[in-house]
Each structure stands twice: as structure tokens, then as C-alpha cells.
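A short reminder: the numbers here are calculations on the coordinates, not readings from a lab. Everything numeric in this text was worked out from a predicted model, so none of it was measured. Every residue, glycine as well, gets a Cβ built from its backbone with ideal geometry; the counts of neighbours run over all protein chains shown.
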Amino acid sequence: MANLLEVKNLKKYFSTPRGMLHAVDNVTFNIEKGKTLGVVGESGCGKSTLGKTLMRLHEPTDGQVLFKGDDIANMPIKQFKQKYRANIQMIFQDPYASLDPRKSVLELIEEPIRVHNRSYTKAEIKSHAEEMMEFVGLAKRLSNSYPHELDGGRRQRIGIARALSLNPEFIVCDEPVSALDVSIQAQILNLLQDLQEDKGLTYMFITHDMSVVKHISDDIAVMYLGQMVEKCPAEEIFKDTIHPYSQALLSAIPIPDVHASHDRMIMKGELTSPIDPKPCCRFAARCPYATDECRAKEPALREMRPGHFVACHQAEKFM
């Protein structure tokens, strides 16, 4: 299947009083049309910044983002908004903070339709918004309700309806269930999968929850301090992961059996600073297998098996 999105050597740096913060550093991957790429890693590893950079909410420092063959990272922002904004949408982590508290449910869903479809009449906009409400499971009686009157699950459904209202092809899901109760999480995840099947949507699903990403993803990418350290099919990373950091993440997943043996990989040492980092493996300071080469040279992302990419000098030892 053809790639809908190709990201090549994408970088996003922020200037700080201490130097340049390398939030996203030389990230490369692709997502096939109709598939889901799960992006996981610790808080602060650059997952959300990556998603916002793809959306041009952050302007990229360098690199390419090819959407259907067009480099949307380097085209003028006005051209991007006119040509691709409706096709690329985002579901935010906090459903309350991302919604205007002064607007009703119906007004919130109507807003993007009104902005991007100026030829629509008021009646057409309202009809389409009500259709989106029904599509994501929001009762029509909630049309005049406000975000503070609803629970987290319903607020997140508003965010999903807003994203879907423009019939996008690609959606960045930035931890869309992390603020919800477990039972509501399952409802939202099932809704996203149903929508993907019905509309052929392509997702980048950002999360720090390995159980969630296993449930929804076709491929999984692991990030550490702004870099992608491993990318492979979802089922493979849980059965035969290679990178030591990925192994540590998987070992932290709780097992619901008090009698089961569970070997945890405890990471020790200080985090490498993401501000003007030295050209070395950024995980070396916490990796129990690090060598002098790891501390002196940055590893390249290599294909160790078909479709399985790893950035580690010692990768052959873990296969």
C-alpha cells in the first residue's frame, strides 16, 4: 500500500537561554494510507512536538514532511493552510483545554466547517455538524450544552467530531485517552478504530501507554530524547524488541498476576541533556550495555529485519 505520509530527517529545535533544545532531532518514518503508527516514549521525549510539527503548529527547523508527495514542511504556511489544513487534523490530549468554553457543542463542531467551507449555507453547516454529532455518538439533546457541563468522554467526542468534520485523510491523535477513565478509554479507542474502518483514516497515535498502543497500532515507533530509536510492526515489538530502551519500556508494563515472575529492567544514571547534545547515543548514560563507541558516536537508524529499524550500535547482540 502507498505511503500517505513520509517524514525525512525532521528537526524541531527551540532556542533557550542555555542553548538549542533538540525537541525533535533527525526523525525519519512513513505511514501507509489507512494504517496507524503508534508513537511511544517517556514524557518529554518529543512525541507531542513531533505531532505539532507535522501539523505546522510548530514550524520545522529542518527536514521534509511529504504528504501525498508534496513537501508540506517547506511550503509557505498560507499555501499549506489553503491546500492541506482540512486534510490534516489533530485530536488533542486535554479535551477541555482545547475547546472554547463560550461555545455550545453544536457551535464547536460547526466552527471548522464554517472556516473551511465558506460556500456552505447556515443550514448546511448545522446539518453537517449534527451528522458529525450522531457519527461520534453524541446525543442531539446535547447540542446546546457547554463543555463544562459534560464529562471527559463526551468532551473528547466533541474533539473527534471537530477533527472529522472536514473529512480529513490523516489525524494526529495526541494522547487522546490519557485524561479519561479506563472504561471511557475503551469506548474512545473503539470509536477511533470504527471510524478508521468506515472512512479509511490514517492515524499517528501518540501515547505513553504501551497497552493502549498495542491495541490500536499497526506499527510502533519508540522515541527517546527527540530521536526515534526503534520502529517495527506492533506485534513484533512486543515479541522480539531489540533496542535496550524499548526493552525497558516493555518491562515496566504491569502483569495482572501476583504469582507471575517479572524481570524488570531498571534504568539507572542521569538523563542526557537535550540542549545542544553531544554526538553520541543519548541513551548511553542509562544503558547497561553502553560501550565507548556508544559514548562517542551517534547511532544511525538501521533496518535489522524487514520493516524493523533500530538505532543502536549493539543491535546485533540483542537479536
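What to note about this one:
- Per-pair calculated FRET efficiency, R0 = 41 Å: residue 293 and residue 183 via Cβ, rounded to 0.05: 0.30
- Most mobile listed residue (265, 228, 55) in the chain, GNM with C-alpha springs under 10 Å: 265
- Loop-located trypsin sites (Lys or Arg not before Pro) in the stretch 117-199, at most 16 other Cβ atoms within 10 Å (DSSP): 118
- Spin-label model distance (nm) - residue 64 vs residue 42, 7 Å beyond Cα toward Cβ: 3.4 nm
- Restricting the chymotrypsin sites (Phe, Trp or Tyr not before Pro) of the stretch 59-151 to loop positions (DSSP other than H, G, I, E, B) with no more than 16 neighbouring Cβ atoms within 10 Å leaves 96, 120.
- Of the trypsin sites (Lys or Arg not before Pro) found in the stretch 1-69, those that fall in a DSSP loop while having at most 11 other beta-carbon atoms within 10 Å are 18.
- Lone cysteines, the chain (no partner Cβ under 4.7 Å): 45, 173, 232, 280, 287, 312
- Cα gyration tensor shape of the chain, rounded if a/c is under 1.5, else prolate or oblate by comparing a/b with b/c: prolate
- Between residue 275 and residue 71, the C-beta separation translates, for a Förster distance of 30 Å, into a calculated FRET efficiency of about 0.60.
- Top positive-direction residue, dipole computed over the stretch 194-319 with Cβ charges, set 312, 249, 211: 312
- MRE, 222 nm, helices only [DSSP H, n ≥ 4, -39500 (n - 2.57), over the chain, to nearest 500]: -9000 deg cm²/dmol
- Within the chain, percent of DSSP bridges classed antiparallel, to nearest 5: 65 percent
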